[in-house]
1. Taking the condition of being of a type outside the set (Ser, Thr, Tyr), assigned to a helix (DSSP H, G or I) and over 14 Å from the mean Cα position of the chain (by Cα), how many residues in region 22-69 meet it?
2. Taking region 96-113 as the region of interest, how many residues are part of a helix (DSSP H, G or I) and either more than 19 Å from residue 24 (Cα to Cα) or in contact with a Phe, Trp or Tyr (Cβ under 6 Å, 6 or more places away or on another chain) (or both)?
3. For region 100-109, which residues satisfy the criterion of being surrounded by 13 or more Cβ atoms within 10 Å (Cβ to Cβ), hydrophobic (A, V, I, L, M, F, W, C) and modelled with pLDDT under 90?
4. Given the criterion out of contact with any Cys (no Cβ under 9 Å at 6 or more places or on another chain), without any contact (Cβ under 8 Å) to a residue 40 or more places away in the chain, at negative phi and surrounded by fewer than 18 Cβ atoms within 10 Å (Cβ to Cβ), identify the matching residue among 32, 26, 12.
5. So residue 131 ticks every box in (1) assigned to a helix (DSSP H, G or I); (2) under 23 Å from residue 1 (Cβ atoms); (3) out of contact with any Ser or Thr (no Cβ under 6 Å at 6 or more places or on another chain); (4) touching a residue at least 40 places away in the same chain (Cβ under 8 Å) but one. Which box is left unticked?
Amino acid sequence: MEKGKAKRLLKIFSLIGGIYEVLFGILMIFFIIPLLNLLGSNILQLEYPIFSQTGGLLAIIVGLILIFSSLNIEKYLLNIILITFLRFAIQVIIIPNMILNPEIAIGLLLFGLMDIIFALITIYLMRIANLSFNIFKVVQ
């Protein structure tokens, strides 16, 4: 694959990833109980909905950052790199919660795998497009 094509695919992929994050955030804010029940939980209401609402809002913001970064991936490459790191870092939260909450482990596994897949494809496209992973070079 050539560099130009990889950059175009990275733009499209960042846009798709951003849309996914926005939709996931909306699910977290407005439809968390049906989502948890679909994943295997059996609850009627959350004791503290502020946590899922805050997580949903953050997912929407991450999605919007990716969507706007897809407009010019070279200029906003730092955003894409940091969100890629975030996608890996979130596994530190997902994996223990799969053990602590086995009733929703399959759902957590699916969402965790989505993040890993998005991160790996992003890294692959960045490497093919010859874009720097060095945060300090990107900031300058």
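The values are calculated or read from the model by the stated rules, or taken from the named source; none is laboratory data. Since the structure is predicted, the reported quantities are computational estimates derived from the model, not experimental observations. No Cβ is skipped: glycine too gets one built from the backbone with ideal geometry, and neighbour counts run over all protein chains shown.
1. Adding up the residues that qualify gives 13.
2. Qualifying residue count, region 96-113: 5.
3. 104, 105, 108
4. Of the residues listed, the single one that is out of contact with any Cys (no Cβ under 9 Å at 6 or more places or on another chain), without any contact (Cβ under 8 Å) to a residue 40 or more places away in the chain, at negative phi and surrounded by fewer than 18 Cβ atoms within 10 Å (Cβ to Cβ) is 26.
5. For residue 131, the exception is condition (1).
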